[in-house]
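We did not get these values from a lab; they are worked out from the coordinates using the rules stated. Because the structure is predicted, anything quoted here is derived from the model rather than measured. Neighbour counts are summed over all protein chains in view; Cβ atoms, including those assigned to glycine, are modelled from backbone coordinates with ideal geometry.
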Amino acid sequence: MKNPLRRSARTSANQPAKAGGSQEDTQVLAPIAVPAPLNEIVQQRRRRLRPMDVLATATLGPRTRLVRASLSALGIAIGIAALVALQGIPASQQAEFRAELDRQGANLIVVYPGHESAEPDSAVIPLPETAPAMVGRIAPVTGVLARRDLADVLVYRNNMIPAGQSGSISAAIADGDLLGTLNVNLAEGRWFDAASRTVPTAVLGNGAAERLGVGVGARIWVDNRWWAVIGVLERMELAQEMDSTAFLAPDYAADLYPEQPLASIYVEAAHGKAGAVRLVMAATVNPANPRGVEVAGLSDYYAAGELVDDMFRTLSVGLGALALLIGGIGIANTMVVAVMERRGEVGLRRAMGARTGQIALQFVLEAAFIGFAGGIMGVALGAYATFLYTSLGDMAFAIPWWVVAAGPGISVVVGVLAGLYPSLKAARLSPTVALRAI
Amino acid sequence: MRLAHLALRQVSKVYPTKPPLHALRDVNLDIERGELVAVVGPSGSGKTTLLSLMGLLDTPTAGEVWIDGVEASGLTEAQRSRARSDQIGFVFQQFYLLSSLTARENVATGMLYQGLAPTERRARADAALERVGLAARASHRPGELSGGEQQRVAIARAIAGDPAVVFADEPTGALDQASGRMVVDCLRAANQTGATVVVITHDLGLAELFDRQVHVLDGEVTG
């Protein structure tokens, strides 16, 4: 069915019309579509705005009032920046702390023989001889070192030293990759090779070498025989019992002192895997009696570090949430003022056919947009603050990825929540009241 | 029963103020398709209320408002919105142009809720601006236009979507005489293309420029 109005529009298309007095002839447009009477129009399906139109409409306010929108976004930006910086700074500190611990061998786990019961003088349960090989098969384990203590063997600088002045230097047999497992270098000399393992040679811990006052090329007096010092280790801050030890050539010493029990096993775990490796250690070392194994770790330092970080992180989330709340109130305030100021626009849009939901969506998205912009600004500001802090402290720069990802997301949620009430208020405005407001 | 394009039957509007404000009382009015009508009356006589009811911006307290054979009280809010977007154009005394948009964008915004593609909206906006003699000012923002030009942009926005009826509320109220005259010419041109045009004014001299005058006084149509 054709609309008589549109027919009349077309039939008058060739008539010149007066527009603006002396203006040129007017041009009549073709009808938009097949004209429909009102009773057909109102039965049509609900129309949706195109996504680009929704976006353009929602960003119109901030684009028009850029300074105000920026100041509102700044509130959110400060909140997100606080969150990012307060996550990033401890993360950087932790990265630095871990790097330092790793440098000193803190991803180490040390296994000792356990006791029959909790009583300190109860019988010791020896570590099984198969333990080092079994431990080496744990996937994240990157190094294993078995240590056998020679308890009654004393170490002297030479054969002139009185028996009582051994300097508390222990003698031990270290079988395995000591340098790799303990992440230590030689201060001088070399570690045992296939040849030196079988002759009376020794490698000294740094402390032992210092106390004995000897270096590579010297000889030491151990259990009534001379041993040639072929290497001296660097200092090990976190494994001091190794530092004051004289390591004797493994094969030669094993022949001299057969069937020495395992005193300890040093296990190096891959970075960040020390905790997981510790969990399976006792059962791997002694599957028959896991309770008879004592597992300690220099990696305990990690836990201490993480505890401090957790406290810092909790505090930072609290501060960040507070800043976000204040930012959210800023957005809500801006949106309330925007709705009041733009009642005329709301009325006009309603007159042009906008539904209440479309008006609400426009203002909610506008608030979300301000929030999102604030979130991006906040992540950048927070990252920059963290960068400055770490640069000044000569630390590694690290920000958890989730903070970068969540920052804009959180700020959009804050924006939406803050914009909800003003948006509903705008949508509920009667068109006549809105148009009368100006 | 044959109904006029716009038909009001025993329409009353009471605003719930204290005491209640009777803006319209038992109004009966017929406006035929293609008419050019001035609704004239002093301030507070109920002219704007009449426009709001005929333009589906508001609902009457009593009576029936018929537009194009459809009784408005039977429509949902969404249907009324759709009717406004497709069938009705509005021109207001304050223009209500969006200051950050150009004249072309302002006119195109008028068709936003009609569901037209952006390219078609732009083309129709350009054509409408040409109809009101402002093709050369399409890229100007409202702040760069005179009052009369701004009102002509508002008229272009109202007619660009090819509405069946255009309501203009005091369209010359904020303009000087020469600009007002040009605005009237634009409304007359819109009427000549087939639209029913209803102009609200308190200015008897202006009302006489239109084909028919409807007088309103104290909420009643007096002639």
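So, R0 is 45 Å and r is the distance between the beta-carbons of A:L420 and A:A95; what FRET efficiency does that work out to, to 0.05?
Given R0 = 45 Å and the Cβ-Cβ separation, E is 0.70.
Note on chain A: with a GNM built from Cα contacts shorter than 10 Å, the maximum mean-square fluctuation among A:A282, A:A56, A:A323 falls on A:A56. Rounded to the nearest 20 debye, the dipole magnitude of chain B is 420 debye, with +1 charges on Lys and Arg beta carbons, -1 on Asp and Glu beta carbons, and the Cα centre as origin. On a 0 to 90° scale, report how tilted helix B:147-159 is relative to the longest principal axis of chain B, with both axes built from alpha carbons and the result rounded to the nearest 10. Between helix and principal axis, roughly 70 degrees.
Using unit Cβ charges (K, R positive; D, E negative) and no other charged atoms, how large, in debye to the nearest 20, is the dipole of the protein assembly as shown about its Cα centre?
Working: 59 positive and 62 negative charges, 764 e Å.
In total the dipole reaches around 3660 debye.
Here is the P(r) of region A:106-300: all C-alpha pair distances, binned every 10 Å from 0, give 9, 36, 35, 18, 3 in whole percents.
Suppose R0 equals 25 Å; then what is the FRET efficiency for A:I329 and A:M52 from their Cβ-Cβ distance, rounded to the nearest 0.05? Display every interim value, and only then the final one.
Working: r = 31 Å, r/R0 = 1.25.
About 0.20, to the nearest 0.05.
Among A:D175, B:D218, B:D176, the ranking by other beta carbons within 10 Å of each residue's beta carbon, starting with the fewest, stands as B:D176, B:D218, A:D175. With the cut-off at under 16 Å, measuring from each backbone N in region B:80-115 to a point 7 Å along the Cα-to-Cβ line of A:E40 picks out B:83, B:86-87. On a per residue basis, the convex hull of the C-alpha atoms belonging to region B:77-137 measures out at 103 Å³. What is the distance in Å between the Cα centres of region B:78-96 and region A:146-208? Cα centres, region B:78-96 to region A:146-208: 95 Å.
Is the shape of region B:141-223 best called rounded, prolate or oblate, per the rule: a/c under 1.5 gives rounded, else a/b larger than b/c gives prolate, else oblate, with a ≥ b ≥ c the square roots of the Cα gyration tensor eigenvalues?
On the way: a/c = 2.03, a/b = 1.37, b/c = 1.48.
Oblate.
Available extension along the chain between A:M160 and A:S122 is 9.8 nm, counting 0.36 nm per residue and deducting the alpha carbon span.
Can you run the Rg to Rh ratio on region B:31-81? Use alpha carbon positions and the Kirkwood inverse-distance Rh. Don't skip to the answer; put the middle values down first.
On the way: Rg = 12.0 Å, Rh = 12.2 Å.
Rounded to two decimals, Rg over Rh is 0.98.
Size check on the protein assembly as shown: the Cα extents along the three principal axes, sorted descending, read 135, 49, 46 Å. Rg of the Cα atoms in region B:6-221, relative to 2.2 N^0.38 Å, amounts to 1.00.
The slack between B:E220 and B:E144, meaning 0.36 nm per residue of separation minus the straight C-alpha distance, is 23.3 nm.
How long is the gain from B:T119 to B:L204 if the chain were fully straight, where each residue apart is worth 0.36 nm and the alpha carbon distance is subtracted?
Numbers: separation 85, 0.36 × 85 = 30.60 nm, distance 4.14 nm.
Length gained between B:T119 and B:L204: 26.5 nm.
Normalised by 2.2 N^0.38 Å, where N is the number of residues, the alpha-carbon radius of gyration of region A:169-251 equals 0.96. Note on A:K425, B:K18, B:K13, B:K47: ascending count of other Cβ atoms within 10 Å places them as B:K18, A:K425, B:K13, B:K47, the fewest first.
Extending 7 Å from Cα along the Cβ direction at A:M134 and again at A:E210 yields two label points whose distance is 3.8 nm.
Hydrophobic long helices, here whole DSSP H runs in chain A with Kyte-Doolittle means of at least 1.0 and Cα atoms spread over 15 Å or more along the helix axis, are found at A:274-285, A:300-341, A:356-392, A:401-428. Partner aspartates and glutamates whose Cα lies under 16 Å from the Cα of A:K425, excluding those fewer than 8 positions away in the same chain, are identified as A:E341, A:E345, A:E366.
Provide A:R291, A:R350 in ascending order of the number of other Cβ atoms located within 10 Å of each residue's Cβ, fewest first.
Exposure proxy ranking, most exposed first: A:R291, A:R350.
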